[in-house]
Amino acid sequence: MKRLYIIYIIALLVGMNSCIEPPLNLPGQDIKVELEVAETELHMVWDNDVQLDHEWYYGWDIKDDSIWGGIEYPMPKSYEVYRYYKGDNPMGMHTNVDVFTIDSTRFRRHFQFGYYDMLLYSNVDSKDGSQVLVLNESGDSVIATTTGTRGMSRSILDASRADGNDTPIGMLNQPEVFFASYTENVYISPNLSDYEYDPVENVYIKHLEAELRPLVYIYLVQIVLVNNEDRRIKGVNGNTAISSMASSTNVKTGHTGNMPSLVYFNTRMKQDMTVEGKRCDVFGGKLTTFGLCDNEPYSRSGSEYKGSRSDLKNIVYFDLVWNNNQVKTYQADVTSQLQQNSHGGVITVWVDCGELCQPEGEQESGGSLFLPTLEDYNEVQWSIDI
């Protein structure tokens with residue numbers, strides 16, 4: 001499900017200022033090198049697929065795809081390239097930055113000889129201009145955040161607070177998936193011995209590699225309702241949220257921020273499904289998020305949790321619609337599942353409907369997760385296997 005890019009940086013030395021005799025086994029013409037200038041090309045290609053490891057009972061049909069899009073990481077269509085020049089000192093400060101937008105996987109520009117840091121990130125393909133991902137640039141720093149969304153019940157906000165003085169930012173929209181790579185100390189050398197000669201194009205080529213990795217992760221969340229043969233739970237209204245997710249990420253490092261937030265996402269129900277040999281109702285949806293607070297970025301070595309915010313609990317909140325049309329909010333602790341899948345994957349909650357107490361009386365305005373008041377959600381009794 002996760003995809004990685006490999007970036008090839010190819011330096012082609014060209015020009016008119018001096019002539020360097022090629023090796024004897026190369027074509028018998030001079031290779032002309034212009035001092036202080038090089039041309040660089042970046043070629044990005046797919047490298048690896050990481051398949052989901054867990055059971056996904058909900059599936060993903062045509063209607064799901066039409067509502068939320070596919071469950072695969074999308075192929076970017078354009079990229080932003082930041083080129084920071086450091087001169088001859090690999091430990092030097094960024095003396096200037098050039099920014100380019102490219103709509104292909106090839107990047108050709110002139111470089112001075114010396115050291116560069118390079119940041120690349122993919123743009124969001126927003127069909128209707130409704131992008132919620134926000135990139136904040138301050139000096140050399142680029143931080144990704146997202147816009148806020150609809151209000152949430154005060155008691156849910158209070159319940160989602162960390163054990164301390166942290167205050168959740170509030171309800172945030174799901175960020176769009178994007179990818180980034182930050183490569184330090186790219187050295188553009190005037191020495192031809194640092195390059196590989198290409199006899200076809202009669203150029204010297206320099207190859208470097210870096211991973212362009214996702215900075216927004218895809219979770220597939222499913223809630224399995226067992227013992228609902230009497231249809232006491234007749235449906236869902238789609239309102240779902242998860243607490244203590246990171247509200248930002250550092251685009252250069254991929255390290256997430258430590259400020260917790262709630263992220264809202266939609267779900268839909270599929271009835272009379274077979275799960276582990278039993279008839280169940282399942283509702284689910286796709287969640288995109290920066291991931292867990294203060295967590296390290298995805299790498300080839302694995303996706304185990306490497307964050308330091310062990311005081312935070314990840315709670316899934318969701319509304320169930322009863323057969324008397326009452327709507328009530330329930331919750332499940334999925335902290336351990338998220339830590340085991342800290343860079344995306346399947347999150348499963350099991351609910352025994354036989355353990356739920358049906359709400360009585362006329363429906364109050366605060367019965368739903370995202371309305372101003374909610375007083376009784378803590379009183380729910382249920383059974384969850386995680």
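Within region 183-217, which residues are closer than 30 Å to Asn295 by Cα and either crowded, with 20+ Cβ neighbours inside 10 Å or modelled with pLDDT under 75 (or both)? Hits for region 183-217 are Val186, Leu208, Glu209, Ala210, Glu211, Leu212, Pro214, Leu215, Val216, Tyr217. Output the number of residues of region 264-288 satisfying the condition of being of a type outside the set (D, E, K, R) and open to solvent by 30 Å² or more (accessible area, probe 1.4 Å). Selection size over region 264-288: 6.
Listed by position, the strands (runs of 3 or more DSSP E) enclosed by region 243-356 that each have at least 2 residues that are free of Cβ contacts under 8 Å to residues at least 24 places away in the same chain are 268-275.
Rundown of residues vs (1) closer than 14 Å to Ser181 by Cβ; (2) out of contact with any His (no Cβ under 8 Å at 6 or more places or on another chain); (3) open to solvent by less than 20 Å² (accessible area, probe 1.4 Å); (4) at pLDDT 85 or above, yes/no style:
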{"site": "Asn89", "(1), (2), (3), (4)": "no, yes, no, yes"}
{"site": "His94", "(1), (2), (3), (4)": "no, yes, no, yes"}
{"site": "Val97", "(1), (2), (3), (4)": "no, yes, no, yes"}
{"site": "Thr105", "(1), (2), (3), (4)": "yes, no, no, no"}
{"site": "His110", "(1), (2), (3), (4)": "no, yes, no, no"}
{"site": "Leu133", "(1), (2), (3), (4)": "no, yes, yes, yes"}
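Here the condition is being at pLDDT 85 or above and on the phi < 0 side of the Ramachandran plot; of Asp272, Asp311, Asp294, Asp333, it holds for Asp333 alone. Does Ser261 count as crowded, with 18+ Cβ neighbours inside 10 Å, at pLDDT below 95 and under 18 Å from Ala144 (Cβ atoms)? In short, yes.
Can you say whether Asp319 is among the acidic types (Asp, Glu), open to solvent by less than 60 Å² (accessible area, probe 1.4 Å) and either touching a strand residue (DSSP E or B) at 6+ places or on another chain (Cβ under 7 Å) or at positive phi (or both), as far as the supplied structure shows? Yes, satisfied. Out of the residues in region 112-126 that are more than 15 Å from Phe178 (Cβ to Cβ) and open to solvent by 30 Å² or more (accessible area, probe 1.4 Å), which is modelled with the lowest pLDDT? Within region 112-126, the match that is modelled with the lowest pLDDT is Gln112.
The values are calculated or read from the model by the stated rules, or taken from the named source; none is laboratory data. Source: prediction; values computed, not measured. For neighbour counting, all protein chains shown are included, and Cβ atoms are generated from backbone atoms with ideal geometry for every residue, glycine included. Accessible surface areas use protein heavy atoms only, side chains included; no ligands, DNA or RNA. Shrake-Rupley method; radii C 1.70, N 1.55, O 1.52, S 1.80 Å.
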